[in-house]
Structures are given as C-alpha cells and as structure tokens.
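The values are calculated or read from the model by the stated rules, or taken from the named source; none is laboratory data. If you're wondering where the values come from, they're calculated on a predicted model, not measured in any experiment. Backbone-built Cβ (ideal geometry, glycine too); neighbour counts: all protein chains shown.
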Amino acid sequence: MAQTRQLAAIMFTDIVGYTALMGRDEQKAFDLLNKSRQIQKPIIEQYNGRWIKELGDGVMASFNTASDAVNAAIKIQQACNSCSEFQLRIGIDLGEVVFENNDVFGDGVNTASRIQALAPPGGIWISEGVHHNVSNKNNIVTIFIKTEKLKNVIEPVQIFQVKAEGVTAPVPVFGTENKNLNYKTTKNKRLLFVVVGSITIILAVYFIYNYFQKKNKVPIGNIAAETSDKSIAVLPFVNMSNDKDQEYFSDGLSTELSNLLSKISELKVIGRTSSFSFKGKNEDFRVIGEKLGVAHILGGSVQKDGNQIRVTAQLIRIADGRNLWSDKYDRHLEGIFKLQDEIANAVVKQLKLKLFTTTDTTTSSTNTEAYNLMLQGNYFAEKRDKVNTAKAIDLYLRALAIDSSDHRIWSALAQGLSIQASWGWVNPHEGYEKVHTAATKSIALEENQAEAYRILGDMNMYYEWNWVGAENKFNKALNSEPRNPDLLRSMGSLTRILGRLDESLHWLKKSIDLDPLKPITYFHLGFQQIYANHLEDAIVTYKKILELNPQFPMAHVYLGEVYLLQGKPEMALAEMQQEQMKGKDFGLTLAFTALGKQKEAKAVLSRYLSEFQETDMFLIAEIYAYLGEKNKAFEWLEKAYTGKDVRLPWLKGDPLFKSLESDSGYVTFLKKMNLLTD
C-alpha cells in the first residue's frame, strides 16, 4: 500500500493500572480489556474515526477532525465512568501524519502517546493544536494545564484538559503537594529558577545572534520583504486519491484557492511557483512560512473518487505553529466552486478580514467536466516543455468543445499557445494569431479579468513591439489583479525595455515579494541590474537563480556576461563553460574573445551559427557587436527584425551593443522599433 500524507487527529487511550492487574488476576485483566474494546470501537466509528491498532491495553485511532476526536473521547470516558469497572487515560494531538499499510506515523502519533501517558485517570488531555480547533465549540470546555517538554518532540507542548459532564478527572493544581495525581510536577523552586534562568540566557543569546544576522544580511537585489500579519501561502494540497493521476485535481484546487484569496485587496498571497516549490518536501510549516515571508499557511489534502471528493484543510499561524482552523468537507464534484468559496471564507474569517464574496460569475455555471479537463491541462502546462504544453493545449480544446463559455479555459489556451509561439515550437506568426483569437475571446466573455489582458500585453511587447498597447493592457489587468506576480513581472520587463529603469525595479521588487522563489522574475531583475550598471547586485541575483534552479537556461551565461563587463574574463569563461543549454556557445564566443583566444572564439561561433542562425538572430547580433564588427551586427539586427525575434526588444541599453551607440544606424534602428523618439 502506498504512503499517504494527511492532516489527522490522533487519539491514544490506555487502561489505568492494567499491568498491575494483569499480575494479580490475569482473567479479570482480559475481561476488562475486552470490555474496553467493546466500549471504544463503536464510539470511534460513530465519530468517523479509524481504529488503527491495539497496543497492549491501549488503542490508537485517527479522526479527520479534532472535534470528532474530542467528542469521541468524551463519550468513551462517560461510558467507562458509568460502568465503574476501570478508568482510561486519553491523549489527543492534531498534525500531519503518514498512513502506510494500515499504520500511521508522524510527530502527531508520538505527541498523542506522550500526552496520554501524562493524563490523570479518567482524564482527556489534548495538545494546543486540538485546543484551538475545539475551543469555539459550544459543548467542549478546555482548561490550560501546563507546558511540557515531551520526549522526542522538539518544541515544548502546551497541554489542555477537556472538561465535560461525566468526565470525572480532577483538574490538577501544579506547585502543590498532591500524591494522588499521576503526572509530573516541578520538584522544587531551585530547579524552577535554574530552568527559567537558562531559558532567559538562551533567549538573550538567540535574539542577539538574530539581530546581528539580520543586520549583516544583504537582501537579494537590495530587496527586503517584510512579513505582514495579513499574508498567506497556499501549499499544494496532498493527493490522497488511490489514483496518483488525480494529482492534477489536488494541485488545481490549491491554485484555485490561491487565486480566490488573491482577490482580497488587503491580503498578500504568495504566488504559485514559490508555494509549489515545497511540494513533496516534508518541511516544517514554520520554516516554509519564514522562507516565503508570510504569517500564515493554508494546506490540506484531497481525495477524489469519481465525482465524490473529500477535502481536509488547515490554517497554520507561522509565529507559534498554532493550528488556527481545520475542517473536513465531503462533496460532489458539482459543488466544487461552492466548496472553494467556503474554504476561502473560513480563512478570511480567521484572519479577521472583510467577508469574502466571489467576483467570478463564471464558476457558478461552469460545466464540471470541462473544469476537470482544464485542471488537467493546467497540470501539464506548468511543466513548460514542448510535449506537455501540447498535451495541455489538447485538453483545453477538449474542455472548450464541452463548454466554450468559460473565459478561464480560453485564457489558459491563450497562455499555452503563447508558450509554443515564443519558444519556436510552432510557426510564430500562426501561433500568435491563435493567441490573439483565444485571449480576445476570453475578454469578450469576461471583461474584468487579468490573465487574458496580460497575455495580450506580452504579445504586444515581445511580438508586435507595440509599447503603448502593451502598457494599456497591463494597466487594465492591474485594475483587476494588482497583486498578480506574473503581471507585475511583465510590467517590470516593459518599463526596462523602455529605459524606465527605476520604475522597472519597483515592479520587479513587488513581483518578487509576492512570489519570492520564482527564478524567471530574478532573471528579469538581473537584466534590470545589468542595464542600470548595478553589476554587483546582478551577480547576487544570478547566483540566486542558480540556487533556486541550477539548470535554469542562460543563468550561467548572463552571470558570465556580468564578469565580462567587470573586466574578469577568466571568471566569465568559468561560468560560460558550466552552461548546459544551447546558449553555451554564445557565451563561450564572448569569453574567448575577451581572453584574446581568437581561434577558439571563431570555432565556437561557427558551430553556433550552423545550429541556431534561424532562431538566435538577436544573440548573434550581440556577438558581432561585442567583436566590433558593426556591419554584421546591423545585418543580424535586421534579420532579427524580419524574423520577429522575441529578444529584439532588449536592444535599448544593452551594454553588448556599446560599440554601435555612436553610429547613426543604431539611432535609426531604435526609432524603427519605436524605442527612441525625436
């Protein structure tokens, strides 16, 4: 059986004094054990629990929600107390656990077991996470007991006791002599003073260390992000379905929730690329929150069986790891859009934001079969390679054949077609015509949406070189989604192309703040820094890209270019040689030229021309400009113009074209591109 990971409440029960009774009267002990099981099993099933296993006289069970676990524990204790034959201790914790081969593993299992061992006879002790999930329930009262350092649990755990009618365990009073209470107490004041003193010293050292660490830390590209209380990242929900191919659905739900929450103007929502970079990684939520610069994490799991879906969700506060809210939803696929709104509203309520209402009228009438196909298409589109992009486009077309009234499917199709055209996987002229058709259709169906406007703006910018049209499209999109990181990055690229470098930095900083682990945005930031002659910042940025993705195309090449501009050709060559993509020969030609190795430079350039002269016209023009061969540089610029090379808009301010700037032909060419006005 495959491993599955999900949020669950784990309950441990144990018969008080069972071992001693076994030594005195074995038959009676077995009778009580059977009686205990007869009481517990139906109650656990009644509250949707799962009987995991028996551990001697103890039982371990799991529940989908904390409230189900606590209510089951209350009913079990009430039944045991009414029969007056034996008493149980019960401990409960809530956390992410792994189910495998009818067993369960994880920190929640260990914590629940340790809490149960501390509980008094007849008592129910729970962790802080469980407390926060049940404290607002009318029939459940909890009382704080103590903070305890549990064995094999890294952080101290706050423990609470559940009070309910028929649950007779006394509430312990710590610091008093009470030999009848079966729990650990502080032995004496001297130990208390030692502990408090030690903690004080540790905290002092910690804060001093962090102060100097933060003071000396240089933010990437001079960008320092602040964590706001009203900030959240939606992590990819775990696919709990038996069919692994259903992963597209769990990924899609996470993305849709992120998109919904991003519509709330006062809430900062981290972009998909950064949030999904933690997919499949067993990192602590608090660590993830710190890396993303958010105060809250929304996560959970999805189980899909045909048209039936089960979703569990939890909201974590990063500052203390507290589980602010969790819930389980069983729905038919037809109710998926209402479910998304319910979860978004629950998050909004917990964060004390304005009541959320969906602004997308399409979702209420979307055909669920078409929606399902769109999610599958999105899953493949995110892989960003030729084969999977083609798969995505096919799925979008199938979805539109079922329901052509959903603007989101048209936008997704436009984006897929745009990727094909910009990477040269299809004829660019034919490809961009299809992009325009799909994006325009999306806008006709829904005027107030950003994605199609962004796609048309990118088309204006990279293919049509219509700068005014691009800026108008981006501004329209910003009116709908002012915190869309992809849109902000596009605006940063446009303003850099137009030479408005300070404005470009502003947009790119905002994009990185909302999607801090997305390499492509740092790639554009690196260009901005090169064009602004902030070369040390550019070095830091390109190293950040390689840290996020060591195989990112051309990152080594442009890092090498920065070293060339600094007059460090040996370091440039070392970087160019590490490049794994087709741009390696482009970079090596520049580096060998700077080192005076003309023979090697010509050999590499010849090889590069034979392979990429149909696609890399602009880069070839850069090489000739750097070599000082002006006529050939202009010849290849004209080829780039005729061939609609998407890199041609990078021309203005490119330091590799420094040798052309005094030539009248350069000014003429910039005017032809509408990059220079009289």
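Computed values, structure above
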item	result
Subset tally (residues that are touching a strand residue (DSSP E or B) at 6+ places or on another chain (Cβ under 9 Å) and not basic (Lys, Arg)) for region 1-38	21
Pair list, Cβ < 6 Å and 6+ apart or interchain, from region 493-513 residues that are closer than 15 Å to Lys473 by Cβ to residues that are in a helix (DSSP H, G or I) and of a type in the set (Gly, Ala, Ser)	Leu494/Ala470; Thr495/Ser504; Trp507/Gly492
Residues being part of a loop (DSSP other than H, G, I, E, B) and touching a strand residue (DSSP E or B) at 6+ places or on another chain (Cβ under 8 Å) - total across region 267-281	2
Single residue of Ile52, Ile76, Ile43 found to be β-branched (Val, Ile, Thr), out of contact with any helix residue (DSSP H, G or I) (no Cβ under 6 Å at 6 or more places or on another chain) and assigned by TED's automatic domain parsing to the domain that holds Val162	Ile52
Matching residues, region 578-591, being surrounded by fewer than 22 Cβ atoms within 10 Å (Cβ to Cβ) and part of a helix (DSSP H, G or I)	Gln578, Lys584
Meets criteria (touching a residue at least 40 places away in the same chain (Cβ under 8 Å), within 11 Å of Met11 (Cα to Cα) and surrounded by 16 or more Cβ atoms within 10 Å (Cβ to Cβ)) for Ala61	yes
Residue within region 241-254 that is under 20 Å from Pro482 (Cα atoms), in contact with a Lys or Arg (Cβ under 8 Å, 6 or more places away or on another chain) and at pLDDT 85 or above present	no
Lone qualifier among Leu660, Leu573, Leu656, Leu675 - being under 41 Å from the mean Cα position of the chain (by Cα), farther than 23 Å from Pro553 by Cα and buried (at least 18 other Cβ atoms within 10 Å of the Cβ)	Leu675
Given (1) part of a helix (DSSP H, G or I); (2) under 20 Å from Glu247 (Cβ atoms), number of the condition Arg384 does not satisfy	(1)
Hits in region 1-58 - residues which are in a strand (DSSP E or B), of a type in the set (A, V, I, L, M) and within 39 Å of the chain's Cα centre (by Cα)	Leu7, Ala8, Ala9, Ile10, Met11, Ile52, Leu55
The listed residue being touching a residue at least 60 places away in the same chain (Cβ under 8 Å) and closer than 21 Å to Ala169 by Cβ, out of Ile140, Ile124	Ile140
Search result, residues across region 271-304 that are surrounded by fewer than 20 Cβ atoms within 10 Å (Cβ to Cβ) and in contact with a Ser or Thr (Cβ under 7 Å, 6 or more places away or on another chain)	Ala295
Selection from region 310-341 of residues that are basic (Lys, Arg), out of contact with any helix residue (DSSP H, G or I) (no Cβ under 8 Å at 6 or more places or on another chain) and assigned to a strand (DSSP E or B)	Arg310, Arg317, Lys328
Subset of region 69-86 that is of a type outside the set (A, V, I, L, M) and within 20 Å of Ile159 (Cα to Cα) - its residue that is nearest to the chain's Cα centre (by Cα)	Asn71
Ile264 being modelled with pLDDT of 90 or more, surrounded by 17 or more Cβ atoms within 10 Å (Cβ to Cβ) and either part of a helix (DSSP H, G or I) or on the phi < 0 side of the Ramachandran plot (or both)	no
Test: residue in region 136-149 that is at pLDDT 85 or above, of a type outside the set (A, V, I, L, M) and crowded, with 20+ Cβ neighbours inside 10 Å	no
Flag for Gln6 being modelled with pLDDT under 90 and not aromatic (Phe, Trp, Tyr)	yes
Evaluation of Gly499 against (1) over 19 Å from Leu488 (Cα atoms); (2) part of a loop (DSSP other than H, G, I, E, B) (one fails), failing number	(1)
Close pairs (6 angstrom Cβ cut-off, 6 or more residues apart or separate chains): in a helix (DSSP H, G or I) in region 286-309, of a type in the set (Gly, Ala, Ser) anywhere	Arg286/Gly321; Leu292/Ala233; Leu292/Ser274
Count of region 93-121 residues which are at negative phi, within 30 Å of the chain's Cα centre (by Cα) and not in a strand (DSSP E or B)	6
Listing of helices (runs of 4 or more DSSP H) fully contained in region 594-662 that carry 3 or more residues being within 25 Å of Asn533 (Cα to Cα)	617-627, 630-642
Single residue of Ile90, Ile76 found to be hydrophobic (A, V, I, L, M, F, W, C) and part of a strand (DSSP E or B)	Ile90
